[in-house]
Amino acid sequence: MMNGLKSLALCASLLVAGCSGGTDEQNTQASQFRSVLDAYRAGRQDVAPPPQLTPALIASLTVPALEVTIENRNATAFLVPFSERRDAGPGLVRTWRSADDVQIIVRDGVIAATRGVSNDIGSVDADAAVKAIQQRSPISGRHTLYIKNGNNGIDEIPLDCEMRTVGNEDLVIVGRSFPVVHLQENCTGWKGVVAFDYWVDRRDATVWQTRQWSGPGLGYIRTRLLKK
């Protein structure tokens, strides 16, 4: 997704993931769009460009959809849920997967790990941020990233973070408006200040949008929840 496939056709990337473990409907849709993805991977020039995101297109999707952008690679892709679970930590852990098996794991909106993007996040300890999102109110605390270093090792990056409420906003995503509270962590501990921003629905704590520092290699990752 993030290296070789800079921008996948939306329908293919949302629906091909259904080929493994999805519903019958997802699998049928996936087969219909596989030719688009295969053509893109083969580098053919006759591949249709990704469709423009519109409210009607989003409404037509049959599965939840997450848009993910790695800023320093100018790379955007669309992911669907692959699995979800609960563990000893706070919040729901959901794995989102792209058509080419890149994975972003989030814990109630906070990026908890990545797989397949290089400079991957092995894991994250950010309980304070997760609890702040659940309560829709700032909670300061440690935000620690464990980054795979390419030498079969892990680099620990402990960050001390102060969270604040930027304010209440009306967030617009593809023509739809959501009443959100914008929470921001400003963190020290890695060559200056890095930030984590979360736009959280004031009604039910749905995290509609984020911008999160994800280590020195990945830089900032943006997410937008296109369909819940």
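The values are calculated or read from the model by the stated rules, or taken from the named source; none is laboratory data. Note that the structure is a prediction, hence the values are computed from the model and not measured. Neighbour counts run over all protein chains shown; Cβ positions are idealised from the backbone, glycine included.
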List pairs: first residue in the range 44-61 and surrounded by 10 or more Cβ atoms within 10 Å (Cβ to Cβ), second residue modelled with pLDDT under 85 anywhere in the structure, Cβ distance under 6 angstrom, at least six positions apart or on different chains. VAL47/ALA39; VAL47/TYR40; PRO50/SER7; PRO50/ALA9; PRO50/LEU10; PRO51/LEU10
Would the range 93-100 turn up any residue that is over 17 Å from ARG224 (Cβ atoms), of a type in the set (Gly, Ala, Ser), in a strand (DSSP E or B) and in contact with a strand residue (DSSP E or B) (Cβ under 9 Å, 6 or more places away or on another chain)? no
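Is it the case that ARG224 is surrounded by 13 or more Cβ atoms within 10 Å (Cβ to Cβ), among the basic types (Lys, Arg) and in contact with a Lys or Arg (Cβ under 6 Å, 6 or more places away or on another chain)?
Values: surrounded by 13 or more Cβ atoms within 10 Å (Cβ to Cβ): yes; among the basic types (Lys, Arg): yes; in contact with a Lys or Arg (Cβ under 6 Å, 6 or more places away or on another chain): no.
Taking the combined requirement at face value, the residue does not satisfy it.
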Pull up the range 59-90, narrow it to residues that are of a type in the set (Ser, Thr, Tyr) and under 11 Å from the mean Cα position of the chain (by Cα), then point me to the one that is farthest from ARG211 (Cα to Cα). THR76
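Residue-by-condition table, conditions (1) farther than 30 Å from LEU57 by Cβ; (2) part of a strand (DSSP E or B); (3) in contact with a Ser or Thr (Cβ under 7 Å, 6 or more places away or on another chain); (4) among the hydrophobic types (A, V, I, L, M, F, W, C):
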site: LYS131; (1), (2), (3), (4): yes, no, no, no
site: GLN134; (1), (2), (3), (4): yes, no, no, no
site: SER137; (1), (2), (3), (4): yes, no, no, no
site: THR144; (1), (2), (3), (4): yes, yes, no, no
site: LEU159; (1), (2), (3), (4): yes, yes, yes, yes
site: GLU162; (1), (2), (3), (4): yes, yes, yes, no
site: TYR198; (1), (2), (3), (4): no, yes, yes, no
Which one of VAL130, VAL93, VAL106 is under 18 Å from the mean Cα position of the chain (by Cα) and in contact (Cβ under 8 Å) with a residue 60 or more places away in the chain? VAL106
